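Worksheet: one structure, shown below.
The values are calculated or read from the model by the stated rules, or taken from the named source; none is laboratory data. Given the structure is predicted, the values throughout are model-derived calculations rather than measurements. Note: ideal-geometry Cβ built from the backbone for every residue, glycine included; neighbour counts use all protein chains shown. We work out accessible area using only protein heavy atoms, side chains counted, and drop any ligands, DNA or RNA first. Shrake-Rupley method; radii C 1.70, N 1.55, O 1.52, S 1.80 Å.
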Amino acid sequence: MLELTPEQEVERNYNAAMDSVNLLNAGKPEDMADDEWVDTVARNKEHLKIMLAKDFWTNENLKPLEDASK
């Protein structure tokens, strides 16, 4: 297994958080049940709140994470 540099680890975490942002911003897929979407939204917002609490951020734009976590 390849070891990541600290910078790569931050990038990996940022990309994962942006996956949540993009999912939330895209809205509910047509083929998803309403209750499943409610659960998906809750899980992804919680993920963003956890990520925003991390202290390893440097110069990443956290505004999209903040906006989507509300």
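Can you find a residue that is at pLDDT below 95 and of a type in the set (A, V, I, L, M, F, W, C) anywhere in the range 27-48? Checking the range 27-48: not a single residue is at pLDDT below 95 and of a type in the set (A, V, I, L, M, F, W, C).
Among the residues of the range 17-48, the one identified as among the acidic types (Asp, Glu) and within 17 Å of Asn61 (Cα to Cα) is Asp19. The criterion of being open to solvent by less than 90 Å² (accessible area, probe 1.4 Å) and under 15 Å from the mean Cα position of the chain (by Cα) holds for Leu62. In the range 29-53, the residues that are more than 19 Å from Glu66 (Cα to Cα) and in a helix (DSSP H, G or I) form Cβ pairs under 7 Å with partners that are open to solvent by 50 Å² or more (accessible area, probe 1.4 Å) and of a type outside the set (A, V, I, L, M), at six or more places apart or across chains, as follows: Trp37/Lys28. Scanning the range 2-18 for residues that are surrounded by 12 or more Cβ atoms within 10 Å (Cβ to Cβ) and not aliphatic (A, V, I, L, M) yields Glu9, Glu11, Asn13, Tyr14.
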